[in-house]
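Everything below concerns the one structure shown next.
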């Protein structure tokens, strides 16, 4: 009766079972997986947010497949402020109900059932589901870690096959925090040209650069003006203003003019078919984007403080180390691989009420990796890391 594309393994695994039982027990938890900024104690201008949703124009149904001009213009202004040299035509921009819908549009645009998209691993697990329900296959290639993350172009080349239609990168990567280097961009563009591939770049964490970008590496900025390959940039309010509940995203196209024109003509039909983004969110978008000036400094301060706290605690022991990160909300910890990452995560939860993600959630190869969020409130983060380090130290004896 049901399609094969939704035949997922939905059985409860050991990790989710341990988490369910812990929650049922009523015990508190040091949540080092927090990814929802609206639950992490940040101060939002509630009056301004609610007022932005009161636009009288939202009472009238006036569908625009690409999005209302005033809403698209606010996105253009965001990129002009962020990258003054960026060239973004509002006619090459489509508003979507979050980036998940933008991926759906692009998979439909680029792929026939069974076609492939190559994607950098480690990566966010949601992509597997987004691709599967669109009948698209993901082929991974792995980022290399050597005093910092970098693209393994040899493996990327091997991953490209006759049915490959696009290269998908998260820039900066989630959870590694890897920025695509300026020196890596020409190689990406050359591969796209050689194999007639599109470049899909998810930039939702672009505004959260860390201070430790290696001096030997120049990070590439936004791909929104990449004109050497057919390029689609995705982003939205979820991270930019810390408002995931607003479900406002966009995709912007750039590249050779002929390809972009044809892509946008097809995308406009797709967007019109979905009758997408709701009017209140579109009218509110200029005001909501402007609010990033208030909330981003607070989020960045939390990320920096928690990162400093993490490094200070790790400096007191030798068994847990942190991999270099250049941006984003997460840190990757390397731990002794004396048991599986999932077993260690369960032990942390059951014995110390510390919630972390095991590395395999993000397709790390091999054991010995835990992922922690830097978004958690400072006191909760400090205590969670203290117990984590103590647990691993005990395990390593």
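Name every residue in region 1-27 that is out of contact with any strand residue (DSSP E or B) (no Cβ under 9 Å at 6 or more places or on another chain) and outside any loop (DSSP other than H, G, I, E, B), in order of residue number.
Quick first cut of region 1-27, residues out of contact with any strand residue (DSSP E or B) (no Cβ under 9 Å at 6 or more places or on another chain) only: 1-14, 16-18, 20-21, 23-27.
Listed by number, the residues that qualify are 4, 5, 6, 14, 16, 17, 18, 20, 21, 23, 24.
From the residues in region 28-58 that are over 22 Å from the mean Cα position of the chain (by Cα), touching a residue at least 24 places away in the same chain (Cβ under 8 Å) and part of a helix (DSSP H, G or I), which one is nearest to residue 353 (Cα to Cα)?
The qualifying residue nearest to residue 353 (Cα to Cα) is 49.
Anything in region 164-196 that is farther than 13 Å from residue 228 by Cβ and touching a helix residue (DSSP H, G or I) at 6+ places or on another chain (Cβ under 6 Å)? List them, or say none.
165, 166, 175
Pick from 287, 263, 198, 209: which is surrounded by fewer than 19 Cβ atoms within 10 Å (Cβ to Cβ) and in contact with a strand residue (DSSP E or B) (Cβ under 6 Å, 6 or more places away or on another chain)?
On the way: 287 fails: in contact with a strand residue (DSSP E or B) (Cβ under 6 Å, 6 or more places away or on another chain); 263 fails: surrounded by fewer than 19 Cβ atoms within 10 Å (Cβ to Cβ); 198 fails: surrounded by fewer than 19 Cβ atoms within 10 Å (Cβ to Cβ).
Unique residue meeting the criteria: 209.
State yes or no: is residue 302 buried (at least 20 other Cβ atoms within 10 Å of the Cβ) and within 22 Å of the chain's Cα centre (by Cα)? Write out each step before concluding.
Working: buried (at least 20 other Cβ atoms within 10 Å of the Cβ): yes; within 22 Å of the chain's Cα centre (by Cα): yes.
Answer is yes for this residue.
Kindly evaluate residue 140 against the criterion of being modelled with pLDDT of 95 or more, under 22 Å from residue 84 (Cα atoms) and surrounded by fewer than 20 Cβ atoms within 10 Å (Cβ to Cβ).
On the way: modelled with pLDDT of 95 or more: yes; under 22 Å from residue 84 (Cα atoms): no; surrounded by fewer than 20 Cβ atoms within 10 Å (Cβ to Cβ): yes.
No.
Out of region 80-97, which residues are more than 19 Å from residue 259 (Cα to Cα) and either buried (at least 21 other Cβ atoms within 10 Å of the Cβ) or not assigned by TED's automatic domain parsing to the domain that holds residue 197 (or both)?
95, 96
Quick check on this structure: which one of 251, 243 is surrounded by 16 or more Cβ atoms within 10 Å (Cβ to Cβ) and within 22 Å of residue 118 (Cβ to Cβ)? Please lay out each step first, then the result.
Working: 243 fails: within 22 Å of residue 118 (Cβ to Cβ).
Exactly one of 251, 243 is surrounded by 16 or more Cβ atoms within 10 Å (Cβ to Cβ) and within 22 Å of residue 118 (Cβ to Cβ), namely 251.
When region 350-380 is examined, which residues are found to be surrounded by fewer than 24 Cβ atoms within 10 Å (Cβ to Cβ), in contact with a helix residue (DSSP H, G or I) (Cβ under 8 Å, 6 or more places away or on another chain), part of a helix (DSSP H, G or I) and in contact (Cβ under 8 Å) with a residue 60 or more places away in the chain?
Once the filter is applied, which keeps residues that are surrounded by fewer than 24 Cβ atoms within 10 Å (Cβ to Cβ), in contact with a helix residue (DSSP H, G or I) (Cβ under 8 Å, 6 or more places away or on another chain), part of a helix (DSSP H, G or I) and in contact (Cβ under 8 Å) with a residue 60 or more places away in the chain, region 350-380 yields 350, 352, 378.
Of the residues 100, 123, which is in a helix (DSSP H, G or I) and under 17 Å from the mean Cα position of the chain (by Cα)? First the steps, then the outcome.
Working: 123 fails: in a helix (DSSP H, G or I).
Unique residue meeting the criteria: 100.
(1) more than 21 Å from residue 128 (Cβ to Cβ); (2) surrounded by 20 or more Cβ atoms within 10 Å (Cβ to Cβ); (3) in contact (Cβ under 8 Å) with a residue 60 or more places away in the chain; (4) in contact with a strand residue (DSSP E or B) (Cβ under 7 Å, 6 or more places away or on another chain): which one isn't true of residue 383, the others all being true?
With respect to (1) more than 21 Å from residue 128 (Cβ to Cβ); (2) surrounded by 20 or more Cβ atoms within 10 Å (Cβ to Cβ); (3) in contact (Cβ under 8 Å) with a residue 60 or more places away in the chain; (4) in contact with a strand residue (DSSP E or B) (Cβ under 7 Å, 6 or more places away or on another chain), residue 383 is out only on (2).
Of (1) in a helix (DSSP H, G or I); (2) under 26 Å from residue 287 (Cβ atoms); (3) touching a strand residue (DSSP E or B) at 6+ places or on another chain (Cβ under 8 Å), residue 250 satisfies all except one. Which?
If we test residue 250 against (1) in a helix (DSSP H, G or I); (2) under 26 Å from residue 287 (Cβ atoms); (3) touching a strand residue (DSSP E or B) at 6+ places or on another chain (Cβ under 8 Å), just (1) comes out false.
Please verify whether residue 347 is assigned by TED's automatic domain parsing to the domain that holds residue 15, under 23 Å from the mean Cα position of the chain (by Cα) and surrounded by 15 or more Cβ atoms within 10 Å (Cβ to Cβ), treating the condition exactly as stated.
On the way: assigned by TED's automatic domain parsing to the domain that holds residue 15: yes; under 23 Å from the mean Cα position of the chain (by Cα): no; surrounded by 15 or more Cβ atoms within 10 Å (Cβ to Cβ): yes.
Judged against the criteria, residue 347 is not a match.
Is it fair to say residue 268 is farther than 30 Å from residue 186 by Cα and not in a loop (DSSP other than H, G, I, E, B)?
On the way: farther than 30 Å from residue 186 by Cα: no; not in a loop (DSSP other than H, G, I, E, B): yes.
The answer is no for residue 268.
If we scan region 67-85, do we find a residue that is within 24 Å of residue 270 (Cα to Cα), part of a helix (DSSP H, G or I) and under 19 Å from the mean Cα position of the chain (by Cα)? Don't jump to the end; show me each part of the working.
As a first pass, look at region 67-85 and keep what is within 24 Å of residue 270 (Cα to Cα): 67-76.
Keeping just the survivors that are part of a helix (DSSP H, G or I) gives 69-76.
Restricting the remaining residues to those that are under 19 Å from the mean Cα position of the chain (by Cα) gives 75.
Scanning region 67-85, I find at least one residue that is within 24 Å of residue 270 (Cα to Cα), part of a helix (DSSP H, G or I) and under 19 Å from the mean Cα position of the chain (by Cα), so the answer is yes.
The values are calculated or read from the model by the stated rules, or taken from the named source; none is laboratory data. Computed from a predicted structure; not experimentally measured. Neighbour counts run over all protein chains shown; Cβ positions are idealised from the backbone, glycine included.
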